Structures are given as C-alpha cells and as structure tokens.
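Shown next, in structure tokens, is the structure this report addresses.
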C-alpha cells in the first residue's frame with residue numbers, strides 16, 4: 001500500500017481529460033492505496049454546492065476512501081465560501097499540501 | 001542542495017509568467033515550504049525560464065487608478081527574489097534555469113540567484129530530495 005497525493009488544477013467543465021485523473025484516484029484507492037485528492041485553481045470549481053453531475057460525487061461513490069481537499073485560497077477567489085462548499089470536500093491550504101509533499105514515501109502527481 | 005536529514009522538495013516548472021494560475025500556486029508552495037524550513041529546488045524549463053528575468057517592468061492599475069509605485073506590482077522576478085531571501089542559507093532555495101530553453105528565448109538576464117543547468121540537474125535534485133513534484137503545462 002502506498003500514499004498518493006493527486007493535485008487537480010483543472011476544471012472538469014473545461015478539460016475532459018480530468019475524468020481520467022479522477023478515475024486514477026478511484027482506482028488507486030480501490031487497489032488499497034491511501035489517496036488524497038487536492039483541488040486547486042480552477043480544479044475547485046467542482047467543489048461548489050449545487051453542481052449537477054459532479055466529478056467529486058462520482059469519485060466518492062466509486063472510492064469512498066479518497067480524501068478530497070480543496071485549497072482555501074482558490075475557493076475564496078471563486079466565491080466558494082461558507083455554505084457554498086459541497087459536502088465531502090474539506091477546505092485545506094497549501095500549508096497542508098506542503099506537509100503532504102514533505103514525506104519521502106508519498107507519490108505526488110500534478111494535473 | 002540539502003544535507004542528510006534535512007527535508008527538501010524539488011519542483012519542475014514549465015509555465016511562463018502571467019500565463020496561468022499554476023505559477024502562483026507553485027510560488028505559494030515554494031514560499032510555504034521555505035517558511036516551514038524545507039529547502040526547495042526548482043528546475044525551470046520551457047517558458048518558465050522567463051520567470052526570473054531581471055527586467056520585468058511593473059505597471060500601474062487603471063482600474064484602481066493607482067500609479068506604478070502605489071500598485072507595487074508583484075512581478076514573478078520580484079516574488080522569486082523574495083524567495084531567495086527566504087532561502088538564502090538553511091532552508092536553501094536552488095533555482096536552475098534550463099540552458100537550452102534560455103538560449104531559445106534569449107532569456108538570460110536574471111535576478112541574482114538562479115543558475116544555468118540542464119535536465120541532469122533535475123535528475124540530481126530528485127535523487128537527493130524528499131519528494132519531487134513535476135508541474136507540466138497543457
């Protein structure tokens with residue numbers, strides 16, 4: 001079992017290839033790995049409450065063990081504040097991301 | 001380069017300045033790491049070699065009606081110069097600009113701090129770092 005940090009910076013509504021990245025996260029988790037899925041930049045647009053057919057919902061349904069974090073700075077820039085954050089997504093920050101990256105056994109992938 | 005026992009993160013960066021939010025995120029990661037005492041190695045290639053250009057000119061903000069001085073525009077070179085202040089010793093910031101990419105773009109006039117190198121530096125950085133993050137562009 002390995003630890004993965006997958007960083008998604010792209011908006012699923014703009015880049016269809018984000019779907020593959022979400023699938024990688026789900027597959028890694030289903031294979032028994034610890035997976036953190038960190039949303040940043042336009043990647044957080046999927047964390048807004050009320051979005052239909054949400055990529056994060058599909059990910060969490062397929063692999064409930066994936067921990068989904070969203071960069072608070074990116075959320076604020078896009079008016080996803082207070083009650084606007086969808087369930088299942090935890091507000092985080094670059095400080096926590098750096099802590100995750102500063103572990104030698106963690107495999108980090110940026111998309 | 002860090003000594004044994006110290007933590008360090010290597011980041012490979014490809015985006016040119018003012019192109020995408022990725023540059024801001026990468027600089028935030030570097031800044032946070034250095035403030036936590038974690039050394040940072042950067043391999044800048046392709047358009048990212050323009051990030052450290054010394055001659056980047058600030059501009060006023062016509063929306064806010066501010067002058068160049070009032071706006072104090074945060075150019076990438078100025079931001080990175082600040083990172084070099086944070087990472088002067090321990091933790092340490094090392095920044096390598098890809099030489100071929102620099103020559104292609106005529107982008108060799110940098111702020112103090114970066115040095116010229118090549119992919120071998122990225123390999124060496126990654127071998128000696130706690131972790132490596134490769135940030136590609138589209």
Out of the helices (runs of 4 or more DSSP H) lying entirely within the stretch B:64-138, which hold 1 or more residues that are surrounded by 16 or more Cβ atoms within 10 Å (Cβ to Cβ) and within 12 Å of the chain's Cα centre (by Cα)?
B:76-86
Out of all the residues in the stretch A:84-104, which are within 17 Å of residue A:25 (Cα to Cα), in contact (Cβ under 8 Å) with a residue 24 or more places away in the chain and either more than 13 Å from the chain's Cα centre (by Cα) or more than 8 Å from chain B (Cβ to nearest Cβ) (or both)?
A:88, A:89, A:100, A:101
Evaluate the following for residue B:108: is it touching a helix residue (DSSP H, G or I) at 6+ places or on another chain (Cβ under 9 Å) and without any contact (Cβ under 8 Å) to a residue 12 or more places away in the chain?
yes
Give the residue, chosen from B:22, B:32, that is within 25 Å of residue B:90 (Cβ to Cβ) and either assigned to a helix (DSSP H, G or I) or within 14 Å of chain A (Cβ to nearest Cβ) (or both).
B:32
Got a number for residues in the stretch B:1-18 being within 14 Å of chain A (Cβ to nearest Cβ) and free of Cβ contacts under 8 Å to residues at least 40 places away in the same chain?
2
Let me confirm something: among B:36, B:7, which residue is modelled with pLDDT of 95 or more, in contact with a helix residue (DSSP H, G or I) (Cβ under 9 Å, 6 or more places away or on another chain), buried (at least 19 other Cβ atoms within 10 Å of the Cβ) and more than 26 Å from residue B:137 (Cα to Cα)?
B:7
Within the stretch B:45-63, can you find the residues that are touching a strand residue (DSSP E or B) at 6+ places or on another chain (Cβ under 8 Å), under 30 Å from residue B:8 (Cα atoms) and assigned to a loop (DSSP other than H, G, I, E, B)?
B:45, B:54
For the stretch A:18-42, how many residues are farther than 15 Å from residue A:88 by Cβ and either in contact (Cβ under 8 Å) with a residue 60 or more places away in the chain or more than 14 Å from every other protein chain (Cβ to nearest Cβ) (or both)?
13
For the stretch A:62-83, give me the residue count where each residue is assigned to a helix (DSSP H, G or I) and at pLDDT 95 or above.
7
The one condition in (1) more than 12 Å from the chain's Cα centre (by Cα); (2) farther than 22 Å from residue A:81 by Cβ; (3) away from every other protein chain (no Cβ under 14 Å); (4) surrounded by fewer than 21 Cβ atoms within 10 Å (Cβ to Cβ) that residue A:49 fails to fulfil
(2)
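The values are calculated or read from the model by the stated rules, or taken from the named source; none is laboratory data. None of the values given here were measured: they were computed from a predicted structure. Using ideal geometry, Cβ is built from the backbone for each residue, glycine included, and neighbour counts are taken over all protein chains shown.
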